[in-house]
Amino acid sequence: MLSVRDFWRRHRRKVFVTVGVLGSGYLLYKLYGAHRHGVQELERELAVQRETEELMKAQMQAHFENIQRMSDVTLPHAMHELSCRITEELDLSHLLERLIQGKGQPNTLTQSEKLDLWSRLKILSFTRMTLSVWATTMLSLYTKVQVNILGRHLYIDTARSLGISDSVESGDVVDREDQKKFLDSVDFLSQHGMPALISDMEAATKEVLKGKQLSTFFNSTTLHETIMQILNTFMSMGTPNSWIKYMIPEDVRPYSTTSGSDDPVPFDVTEFEQLMIEARAVLSSAEFGSIVEISLKAVVDTLVELMRTKFSGGSVAEGMPLARVLPQVAQMCPLLLGEPSKNQFIQIIKNIQEVELFFTLLYANMPHE
């Protein structure tokens, strides 16, 4: 009969192997259990995260659609107000009536008076058209700026409500009243900025047209160059970005400078004032200036092309004296200032690739926390 010692001596290796296998199996079992538990925890966390993200997307979509609806209401109203102001302030009917009267009754106007009326009609016709081009373009772009800025604040508000970001201050939340007030600021142009805008656009028009007589030959190229020259002259007047004063108030809020920084920092601002400060920052940027240039050129391209095809029996396509171009110029203003959903010039701006990219990057680069 084998003793324990003999048994151990003979089966020692088998015992070690068996214990090793059992120990390894137990260790693998424990590792698998821990891994499975970790995976389950991760899956639960991901599920909660997905649910939070879906909830956030749903809330943001609902709020953003509300903002878009408000914007869709404010732009048509702003365009209507703009059209009324331009028609009222740059009325050509009295000049046309006097010229028609002078043609029917030759002795009612002297030659000097006729020349003066024609000169005034020339200046006002181009002033009205270039102002309509500029204002339509700017209102269209400005409303997109507003929606993007409100979208940024919407993100912050939604993130705070879901507890995603603890670093967002309460002042970043914009209530419905301030949203509407901010969107309504698009009316500043027609309500307050128009007198200075008309005066400066007329000055630019006079500068460009001073060497062009009523008999000067105009074709599509000449007309395009003239409109762009007026717009470029206007945009370069005064200090850089001085045109912003037509769009938004210059004194939205006083500024102070924090110690150790040269950047202007607004103090004690309301939610509405913060929105306006952000809007001014976007309008003042070099990138937005480039978008304005691209959009203005696209609108002028479309305008001249439309004039080429719209007027049969003689148009700028073949060329004609400036005096005959003026009635066609006057007829284009209502189209430029038409209702946004039917306004092909506003649609052209929306479809410009550079404009779409600018606003995509604008929103993406805004701080979201």
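The values are calculated or read from the model by the stated rules, or taken from the named source; none is laboratory data. Here the structure is a predicted model, which is why all the values come from computation and not from measurement. FYI the Cβ positions are ideal-geometry reconstructions off the backbone, even for glycines, and counts take in every protein chain you see. Ligands, DNA and RNA are stripped out before the accessible areas are found, and what is left, the full protein with its side chains, is counted by its heavy atoms. Shrake-Rupley method; radii C 1.70, N 1.55, O 1.52, S 1.80 Å.
Of note:
- Extension gain for D91 to R44 (0.36 nm times residue separation, less C-alpha to C-alpha distance): 10.0 nm.
- Sorting the segments 218-225, 324-331 by their mean number of nearby beta carbons within 10 angstrom, highest to lowest, gives 324-331, 218-225.
- Taking all protein chains as shown and a probe of 1.4 angstrom, Y142 keeps an accessible surface of around 0 Å².
- Net charge over other residues, Cβ less than 13 angstrom from the Cβ of T233 (K, R count +1; D, E count -1): -2
- Across all Cα pairs in the stretch 286-349, the calculated P(r) in 5 Å bins from zero up to the longest distance comes to 4, 16, 23, 21, 17, 12, 6, 2, 0 percent per bin.
- Over the stretch 170-220, volume per residue of the alpha carbon convex hull, in Å³: 149 Å³
- Size of the stretch 74-154: Rg and Dmax of its alpha carbons, in Å, are 19.3, 68.
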